[in-house]
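Right, one structure below, let's go through it.
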Amino acid sequence: MRILHTMLRVGDLDRSIAFYTQVLGMNLLRRSENPQYRYTLAFLGFEGGNPDQAEIELTHNWGVTQYEMGSAYGHIAIGVPDAYAACERIRQAGGTITREAGPVLGGSTVIAFVTDPDGYKIELIERAA
């Protein structure tokens, strides 16, 4: 398993990109919009990001300008070769699957979510080895 990215919800995407790129020296690796579900994503990282470096995913949900502290945290992502098999292994080990493996909304990538004992979300993303 490998940590891929950490997602943070932001109220002003351009301001956040400026901070991560200009203040922290990260690179804007890619940006995409999903009009159907009304969100924009920006991925930032060092040295080209994945697979050599984990990334930060900034998510801007259209029409939302601020979040209460505590709700800005999204999830940790871990790459797995087979999300369906990973869910089964986690379930058999006593873990809680909160979203079964399947395609992400608006795309075809297979993902799943598990919850740790403290309630933090961890996303499993199916990726080729």
Is the stretch 116-129 home to any residue that is more than 15 Å from the chain's Cα centre (by Cα), exposed (fewer than 12 other Cβ atoms within 10 Å of the Cβ), charged (D, E, K, R) and more than 24 Å from residue 30 (Cβ to Cβ)?
-> yes
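Within the group 56, 3, which residue is touching a Ser or Thr at 6+ places or on another chain (Cβ under 7 Å) and closer than 19 Å to residue 122 by Cβ?
56
For residues that are under 16 Å from the mean Cα position of the chain (by Cα) and over 26 Å from residue 1 (Cβ atoms), tally how many sit in the stretch 38-72. Give the steps one after another, and end with the answer.
So the first thing to find is which residues in the stretch 38-72 are under 16 Å from the mean Cα position of the chain (by Cα), and the list is 39-45, 49-51, 53-61, 71-72.
Now drop any that are not over 26 Å from residue 1 (Cβ atoms), which leaves 39-40, 60-61, 71.
Qualifying residue count, the stretch 38-72: 5.
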From the residues in the stretch 1-30 that are open to solvent by 50 Å² or more (accessible area, probe 1.4 Å) and in contact (Cβ under 8 Å) with a residue 40 or more places away in the chain, which one is farthest from residue 58 (Cα to Cα)?
-> 1
Looking only at the stretch 65-73, decide whether some residue is free of Cβ contacts under 8 Å to residues at least 12 places away in the same chain, surrounded by fewer than 18 Cβ atoms within 10 Å (Cβ to Cβ), among the aromatic types (Phe, Trp, Tyr) and over 25 Å from residue 126 (Cβ atoms).
-> no
Is it the case that the stretch 77-100 has a residue that's surrounded by 14 or more Cβ atoms within 10 Å (Cβ to Cβ), within 15 Å of the chain's Cα centre (by Cα) and free of Cβ contacts under 8 Å to residues at least 40 places away in the same chain?
-> yes
List every residue pair whose Cβ atoms lie under 9 Å apart, where the two residues are 6 or more positions apart in sequence or sit on different chains, the first residue falls within the stretch 31-47 and is surrounded by 12 or more Cβ atoms within 10 Å (Cβ to Cβ), and the second residue, located anywhere, is of a type in the set (Lys, Arg) and part of a strand (DSSP E or B).
-> 40/31; 41/30; 41/31; 42/30; 42/31; 43/30; 43/31
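The values are calculated or read from the model by the stated rules, or taken from the named source; none is laboratory data. Computed from a predicted model, the values in this text were never measured in an experiment. Cβ atoms come from the backbone with ideal geometry, glycine included; neighbour counts cover every protein chain shown. The protein model used for the area step is the full one, side chains on, heavy atoms only, and it has no ligands, DNA or RNA in it. Shrake-Rupley method; radii C 1.70, N 1.55, O 1.52, S 1.80 Å.
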